[in-house]
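What follows is a short report on a single structure.
The values are calculated or read from the model by the stated rules, or taken from the named source; none is laboratory data. Keep in mind that what you see is a predicted model, and the values were worked out from it rather than measured. Positions of Cβ are generated from backbone atoms using ideal geometry, with glycine treated the same way; all protein chains shown enter the neighbour counts. All accessible areas refer to the heavy atoms of the entire protein, side chains included, with ligands and DNA or RNA removed. Shrake-Rupley method; radii C 1.70, N 1.55, O 1.52, S 1.80 Å.
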Amino acid sequence: MKSIVCIPTYNELENIGRMIDAIHAVEPELHILVIDDGSPDGTAALVRDRMRTDPRLHLLERAGKLGLGTAYCAGFTYALEQGYDIIMQMDADFSHDPKELTRFLEEIRQQDLVIGSRYVSGVNVINWPMSRLLLSYSANVYTRIITGMPIADATGGFKCFRADVLRRIDLSKIKSNGYAFQIEMNYKAWRQKARIKELPIIFMDRVQGVSKMSKNIVYEAAFLVWKLKLGTLFSFGKR
Ligand SMILES: Nc1nc2c(ncn2[C@@H]2O[C@H](COP(=O)(O)OP(=O)(O)O)[C@@H](O)[C@H]2O)c(=O)[nH]1
Ligand SMILES: [Mg+2]
């Protein structure tokens with residue numbers, strides 16, 4: 001099975017090189033696609049340089065900071081076009097432990113979507129301020145109640161898709177970013193009756209670089225869950 005992990009980046013120069021090494025230390029065959037939005041710190045230049053000697057690396061460069069959701073969609077579209085069977089996503093900032101990739105790859109053999117979950121067995125978040133943890137946790141409770149989707153952590157960004165699941169989603173129609181993007185993709189997979197499994201992971205706050213999280217991302221997600229729910233009720237948002 002051809003597998004690739006998509007990593008969106010914006011100013012991750014301190015992290016991306018170490019991240020690539022850490023991934024290949026545990027999964028030497030895994031291809032890596034970096035989707036960089038013109039990071040002023042030269043993240044893309046580092047990746048480009050490494051690509052000269054490493055055929056497992058791929059890079060999509062976009063003109064400016066166009067948002068996380070469309071970055072993932074561009075990455076997924078590229079991965080589908082290139083014929084990958086298993087398509088993963090993770091952050092560049094070591095919040096997601098690359099050592100877990102092996103477990104995702106094992107689990108996906110029996111599933112269509114494997115979601116790294118911080119809330120499936122207690123709360124597994126390290127170093128987040130209480131305010132952010134409460135926000136994330138309650139966003140998940142809210143999402144679950146409104147959509148009825150039985151997922152404990154619908155907003156996380158460490159995931160593994162079977163290519164077929166992504167092929168059935170019209171990626172060009174997805175406009176959401178941040179948390180909302182993760183919820184929307186899970187919802188669309190769930191509505192397809194995909195086999196979904198949550199894998200407990202430990203989430204660590206970033207050590208290097210800065211978060212691009214903002215208030216708008218929260219409002220966007222709060223609005224989106226209603227849009228998904230109502231879209232399904234009136235059956236105009238099936239895909
Ligand atoms: N390509 C791209 N990557 C982004 C953008 N915003 C955030 N990222 C990357 O997405 C990942 C998660 O973002 P981060 O700022 O860590 O969000 P947080 O973990 O929710 O605080 C990191 O690898 C970021 O570099 C964006 O607009 N475009
Ligand atoms: Mg982060």
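Looking at (1) under 28 Å from Asn216 (Cβ atoms); (2) open to solvent by 50 Å² or more (accessible area, probe 1.4 Å); (3) more than 14 Å from ligand 2 (Cβ to nearest atom); (4) not in a helix (DSSP H, G or I), find the lone condition where Phe94 falls short.
Every condition holds for Phe94 apart from (3).
Sort through Ala74, Ala22, Ala44 and tell me the only one that's part of a helix (DSSP H, G or I), touching a Pro at 6+ places or on another chain (Cβ under 8 Å) and away from ligand 2 (no atom under 15 Å from the Cβ).
Selected residue: Ala22, the only one of Ala74, Ala22, Ala44 that is part of a helix (DSSP H, G or I), touching a Pro at 6+ places or on another chain (Cβ under 8 Å) and away from ligand 2 (no atom under 15 Å from the Cβ).
Could you list, in sequence order, all residues of segment 47-70 that are closer than 15 Å to Gly209 by Cβ and part of a loop (DSSP other than H, G, I, E, B)?
Taking segment 47-70 as the starting set, the residues that turn out to be closer than 15 Å to Gly209 by Cβ are 65, 68.
Hit for segment 47-70 is Lys65, nothing else.
Any chance segment 1-19 includes a residue that's away from ligand 2 (no atom under 16 Å from the Cβ), within 22 Å of Lys197 (Cα to Cα) and assigned to a strand (DSSP E or B)?
So far as segment 1-19 goes, yes, one or more of its residues are away from ligand 2 (no atom under 16 Å from the Cβ), within 22 Å of Lys197 (Cα to Cα) and assigned to a strand (DSSP E or B).
Do you know which of the residues in segment 185-224 that are more than 18 Å from the chain's Cα centre (by Cα) and open to solvent by less than 80 Å² (accessible area, probe 1.4 Å) is nearest to Arg132 (Cα to Cα)?
Out of the qualifying residues, it is Ala222.
Sort out which residues of segment 225-239 are modelled with pLDDT of 90 or more, open to solvent by 100 Å² or more (accessible area, probe 1.4 Å) and among the charged types (D, E, K, R), and write them in order of number.
Hit for segment 225-239 is Lys227, nothing else.
Do you know which residues across segment 17-44 are of a type in the set (Gly, Ala, Ser) and either within 12 Å of ligand 1 (Cβ to nearest atom) or open to solvent by 50 Å² or more (accessible area, probe 1.4 Å) (or both)?
Ala25, Gly38, Ser39, Ala44
Quick one: Gly75 ticks every box in (1) away from ligand 1 (no atom under 13 Å from the Cβ); (2) touching a residue at least 40 places away in the same chain (Cβ under 8 Å); (3) in contact with a strand residue (DSSP E or B) (Cβ under 8 Å, 6 or more places away or on another chain); (4) not acidic (Asp, Glu) bar one, so which box is it?
Of (1) away from ligand 1 (no atom under 13 Å from the Cβ); (2) touching a residue at least 40 places away in the same chain (Cβ under 8 Å); (3) in contact with a strand residue (DSSP E or B) (Cβ under 8 Å, 6 or more places away or on another chain); (4) not acidic (Asp, Glu), only one is false for Gly75: (1).
Which one is farthest from ligand 1 (Cβ to nearest atom) among residues in segment 141-150 that are crowded, with 18+ Cβ neighbours inside 10 Å and not in a loop (DSSP other than H, G, I, E, B)? Steps first, answer last, please.
Residues of segment 141-150 crowded, with 18+ Cβ neighbours inside 10 Å: 143, 147, 149.
Add one more test, that the residue is not in a loop (DSSP other than H, G, I, E, B), and what stays is 143, 147.
Values: Thr143: 16, Thr147: 21 Å.
Result: Thr147.
If I filter segment 97-140 down to residues being assigned to a loop (DSSP other than H, G, I, E, B) and among the basic types (Lys, Arg), which single residue comes out as least open to solvent (accessible area, probe 1.4 Å)?
Here the residue is Arg118.
Of the conditions (1) more than 16 Å from ligand 2 (Cβ to nearest atom); (2) touching a residue at least 24 places away in the same chain (Cβ under 8 Å), Ser138 fails just one. Which one is it?
The failed condition is (2).
Does segment 187-210 contain any residue that is over 22 Å from Thr102 (Cβ atoms), within 12 Å of ligand 1 (Cβ to nearest atom), among the small types (Gly, Ala, Ser) and part of a loop (DSSP other than H, G, I, E, B)?
Yes; the residues of segment 187-210 include at least one that is over 22 Å from Thr102 (Cβ atoms), within 12 Å of ligand 1 (Cβ to nearest atom), among the small types (Gly, Ala, Ser) and part of a loop (DSSP other than H, G, I, E, B).
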